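Read-outs throughout are calculated quantities, based only on the coordinates presented, and are distinct from any laboratory measurement. Every value quoted in this text rests on a predicted model; they were computed, and no experiment measured them. Heads up, the Cβs are rebuilt from the backbone with ideal geometry, glycines too, and the neighbour counts pull from every protein chain shown.
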Amino acid sequence: MAELIVTGGRRLEGSVRIPRSKNSVLPILAAALLCEGESRICDVPCLSDVDTSLALLNAVGACACREGTDVLVCAGDQMQPSVPDSLSGAMRSSVYYIVPLLYRCGEAHISFPGGCRIGARPINLHIEGLRAMGAEIETHPNTIICRAPKGLHGANFCLSFPSVGATETLMMAAAFAKGRTVLCGCAKEPEITDLARFLRRCGARIQGAGGTCMTIDGVERLKAVAHTPIPDRITAATVLFGVAACGGDVTLTGVRYSHLNAVLHTLSAMGAELCRPELGVLRIRMEKRPDAAFVTTGVYPEFPTDAGPLFAAAALQATGESMIRETIFENRFACAAEFCRLGAEAHVQNSRLYINGVSGLKGGLLASQDLRGGAALVIAALAAQGKSRITGTEYIARGYEDIAQLFGRIGAELYWEK
Ligand code: UD1
C-alpha cells in the first residue's frame, strides 16, 4: 500500500464536498440482499470496505457491481451460505451478512468478523437477539453457523447495550420475521435511521427508528429501490478538526448539521467560528490556536467515538491541557504514541487520553494502526512543521476515498508515494 507524504504547516482554505456515509452504505449493501429485484445505492464512495462488500456479495452468489458512482445489487438464484474467511476477516461489516444469508439460504456460515483492532468487539448481542427470534446458532472458536429452518419469528428483545451493528442486524431480521418484533435499548445513530428509511421504502414496516424502542412488523417480501445514503458525519468531522488544527477558512457542502451537534459544540468550545450560509453548507473559520477542551465519547447523540482521535489531533495544537474520555472501545488511542513522535505531549490512562498542547510539532515517521487513528495522524502531520511519512494507510483507505485529495482540495500539501 502506498505511503502518505505530508508537508505540514499550511493553512486550509477552500471548499469541500462531503461524501456519503460509509457506515450507512455498508449495512444497506447487505440489506439489499433482502429485496426482490435490483437495488441501486447512489453516490457510493470508493472505499476498500465497499470493495470488500462487493467481493463478498459476489462470492455468495449475488450480483453486485458499480455503475458510475452508483452500486447495483441483486440477489442471485444460486446463493450460497458461506462467506469466505478472507472476506469476513477483512472487515467488521461482514457481520451484516448473517441475516441476509439466513433469509436467502436458510443458513449462514461466517467466520468472526475482522475490522480495526480498537477493542474486543464481540457479537453476542447479534447472536442473543437472533436466538430470541428463533435462529439456531452454533459458535465455534472462529466461526458462527446460524440456521433458521422454520424461518424467524417476531420477539421482544432488549439490547443490554445500544450496539449500532446489533440494532441493524435485528432490524433486518425483524423486517421479514413472522409477526411483530419489539426491540428496546436500540442504538439511535443516524445510520440506523438511514437503514430504516431504506428498508421502509422497500416495503418494511418499521416504526420508531432513531429512538430507543422500535416496533417492526415482518412482511413477506421487500422490493428493490434506489437509495441515496446520508452524508458521512465522520468525514465531515475529519475536515472540521483538520481546520481546527491547521487554522483556515473552509466551507463544507453536503452536510447534515443535526448529525454533527456534539462535534460542532466541541469545535465552538475550541474557538472555531461556525456558520451555516445555506442549507447543507457549513463554514468553519479558525484564526488562532485552538482552546483546550474536555470531551467524553458516547452513543449518539453524544460525541462520536469515531471522532475521538480526530479531536485529539486538533487538541495537540491547543493552548493548555485537553482530555478525551473514551467510553465505547477499549483501544481507541493507539494513535497517541504516534502523536508523541511529532513532539506532542500525550498519554493514555484508563481510557482517557491526556494532551498537553504544544506549538511547533515537527514532522516524523508515523504508523497508522486503525482507520480513525490513521486519519488523526494525517491531521496531526498537516499541522506539524515539515515532512511526515505515514505508513499503514490501508486502514485509512477503509473509510476515506482519497484522504490526500480530500485535504489537497483545501490547500494541504500531501501526496501518495508507492
Ligand atoms: C459501528 C460503526 C463504528 C462505530 C461504532 C460505534 C459501522 C460499520 N461501524 O460499529 O464506526 O465506531 O458503531 O458508534 O457502522 N458490543 C458488544 N456486543 C455486541 C456488539 C457490540 O458488546 O454484540 C460492544 C462493542 O464491543 C463496543 C460497543 O458495543 O464496545 C459498541 O459497538 P457497536 O455499536 O456494535 O459498534 P459497531 O456496530 O461494530
| remark: The FRET efficiency for Ala120 and Cys275, from their Cβ-Cβ distance with R0 = 51 Å and rounded to 0.05, is 0.80
| Simple label model, 7 Å out from Cα along Cβ direction - Tyr354 to Ala226, nm | 5.6
| message | Can you give me the Rg/Rh ratio for the stretch 272-319, using Cα atoms for both radii and the Kirkwood formula for Rh? | response | 1.02
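What 222 nm value per residue comes from the helices of the chain, counting each DSSP H run with n ≥ 4 as -39,500 (n - 2.57) and dividing by all residues, nearest 500 deg cm²/dmol?
-9000 deg cm²/dmol
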| request: Please report, to one decimal in angstroms, the Kirkwood hydrodynamic radius of the chain built from all distinct Cα-Cα pairs. | output: 21.8
| At a Förster distance of 51 Å, what's the computed FRET efficiency of Ile137 paired with Glu287, Cβ-Cβ distance as r, to 0.05? | 0.35
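How much length, in nm to one decimal, is gained on full extension between Tyr415 and Ser258, taken as 0.36 nm per residue of separation minus their Cα-Cα distance?
Here the segment from Tyr415 to Ser258 would lengthen by 53.2 nm.
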| query | Considering only DSSP beta bridges with both partners in the stretch 285-418, what is the antiparallel share in %, to the nearest 5? | reply | 55
| query | What percent do you get for the relative contact order of the stretch 144-277 when only Cα pairs under 8 Å and 6+ apart count? | reply | 19
| query | Given the chain, what count of lysine pairs have C-alpha atoms under 19 Å apart, with each pair 8 or more places apart or on different chains? | reply | 6
| the chain: most fluctuating residue of Gly134, Gly408, Gly68 per GNM, C-alpha cutoff 10 Å | Gly68
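Sort Leu316, Leu274 by Cβ crowding within 10 Å, fewest neighbours at the top.
Leu274, Leu316
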| With contacts defined as alpha carbon pairs under 8 Å and 6 or more residues apart, what's the relative contact order of the chain in percent? | 21
| field | For the stretch 288-324 versus the stretch 190-237, the gap between their alpha-carbon centres in whole angstrom | value | 30
| Fewest-first ranking of Glu321, Glu287, Glu326, Glu67, using other Cβ atoms within 10 Å as the exposure measure | Glu67, Glu287, Glu321, Glu326
| What size of dipole, in debye to the nearest 20, comes out for the chain about its Cα centre when the only charges are +1 on Lys and Arg C-beta atoms and -1 on Asp and Glu C-beta atoms? | 440
| remark: Bounding extents of the stretch 308-368 in its principal axis frame from Cα atoms, largest first in Å, are 31, 26, 17
| request: Find how much the distance from Asn156 to Leu365 grows on full extension, using 0.36 nm per residue of separation minus their present alpha carbon separation; answer in nm with one decimal. | output: 70.1 nm
| field | Ratio Rg/Rh [Cα only; Rh per Kirkwood] for the stretch 232-334 | value | 0.94
| field | Nearest-20 debye value, the stretch 314-418 charge dipole, Cβ charges on Lys, Arg, Asp, Glu | value | 120
| query | Taking the alpha-carbon set of the stretch 1-140, what are its Rg and Dmax in Å? | reply | 17.4, 57
| said: Suppose we keep just the DSSP beta bridges with both residues in the chain; what percent of those would be antiparallel, to 5? | reply: 70
| request: Run the dipole for the stretch 78-186 about the Cα centre, Lys and Arg Cβ at +1, Asp and Glu Cβ at -1, nothing else charged, and hand back the magnitude in debye, nearest 20. | output: 180
| message | At 0.36 nm per residue, and after removing the present C-alpha to C-alpha distance, how many nm does the segment from Thr296 to Asp77 gain when stretched out fully? | response | 74.0 nm
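For the stretch 239-292, report the % of Cα-Cα distances exceeding 14 Å.
In whole percent, the share of Cα-Cα pairs in the stretch 239-292 beyond 14 Å is 45.
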| query | Which percent, to the nearest 5, of DSSP beta bridges fully inside the stretch 151-308 are antiparallel? | reply | 75
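Based only on other Cβ atoms within 10 Å, what is the fewest-to-most ordering of Leu222, Leu195? It would help to have the intermediate numbers written out before the result.
Values: Leu222 25, Leu195 30.
Fewest to most other Cβ atoms nearby, the residues stand as Leu222, Leu195.
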